[in-house]
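Structure, as structure tokens:
The values are calculated or read from the model by the stated rules, or taken from the named source; none is laboratory data. Since the structure is predicted, the reported quantities are computational estimates derived from the model, not experimental observations. Neighbour counts are summed over all protein chains in view; Cβ atoms, including those assigned to glycine, are modelled from backbone coordinates with ideal geometry.
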Amino acid sequence: MKKIGTIGLVLVLIVLYSCEYNVENETPLVDNLCENVVSYSVTIRPLIDGKCMPCHNGDGSEPFAPDLTTYPLVESIAGLIKDVTQSRRMPKVGSLSDSEIAAIKCWVDNGALNN
Ligand code: HEC
């Protein structure tokens, strides 16, 4: 019993030590990173479908409007999408709310993941 107690104490100390170690070495959030995870499928995809179609549907009716119908196409110009929404150049018709613009920025800054 005493032996188990000692081992237990050692284990607890190791766990506590590793916790403290991790906290002390935690990387501070980079300014650009958003703490909130923005999901492509839950937030970004419906936003594009709602606000960027039909101009960006790739059917050729707007030949200079990049096709935004699939994740790889969106991901490949994610930085540009962030820029044109930050500057409110897009959507060409209609508008985005501040929170929609912020969500796009967060999603792009966090790596434009297919999440
Ligand atoms: C009413 C039609 C229309 C809507 C809605 C629209 N766009 Fe566009 N978009 C265009 C056209 C036309 C172009 C190409 C001409 C230009 O760059 O102005 C374009 C160009 C772009 C480009 C390329 C810019 C460049 O410099 O090459 C991006 C990125 C873009 N749009 C993103 C979006 C996003 C994101 C949305 C939705 C939030 C959106 N657009 C909504 C018509 C539209």
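Before moving on, here are some points about what is shown:
- In region 38-65, of all residues being in a helix (DSSP H, G or I) and among the polar types (S, T, N, Q), the one that is farthest from Cys106 (Cα to Cα) corresponds to Ser41.
Okay, residues lined up against (1) assigned to a helix (DSSP H, G or I); (2) small (Gly, Ala, Ser):
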| position | (1), (2) |
| --- | --- |
| Gly79 | yes, yes |
| Asp83 | yes, no |
| Arg89 | no, no |
| Ala103 | yes, yes |
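- Residue in region 103-114 that is of a type in the set (A, V, I, L, M) and touching an Asp or Glu at 6+ places or on another chain (Cβ under 8 Å) present: yes
Yes or no, residue by residue, for (1) in contact (Cβ under 8 Å) with a residue 60 or more places away in the chain; (2) of a type outside the set (Ser, Thr, Tyr):
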{"residue": "Glu75", "(1), (2)": "no, yes"}
{"residue": "Leu80", "(1), (2)": "no, yes"}
{"residue": "Thr85", "(1), (2)": "no, no"}
{"residue": "Arg88", "(1), (2)": "no, yes"}
{"residue": "Ser95", "(1), (2)": "no, no"}
{"residue": "Ala103", "(1), (2)": "yes, yes"}
{"residue": "Gly111", "(1), (2)": "no, yes"}
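- Selection count, region 90-102, where residues are within 11 Å of the ligand (Cβ to nearest atom), surrounded by 15 or more Cβ atoms within 10 Å (Cβ to Cβ) and not charged (D, E, K, R): 4
- Here Leu68 clears all of (1) part of a helix (DSSP H, G or I); (2) hydrophobic (A, V, I, L, M, F, W, C); (3) near the ligand (Cβ under 8 Å from one of its atoms); (4) surrounded by 13 or more Cβ atoms within 10 Å (Cβ to Cβ) except the condition numbered (1).
- Number of the condition not met by Ala78 [criteria: (1) surrounded by 15 or more Cβ atoms within 10 Å (Cβ to Cβ); (2) more than 10 Å from the ligand (Cβ to nearest atom)]: (2)
- Evaluation of Ser61 against (1) modelled with pLDDT of 95 or more; (2) among the hydroxyl-bearing types (Ser, Thr, Tyr); (3) within 12 Å of the ligand (Cβ to nearest atom) (one fails), failing number: (1)
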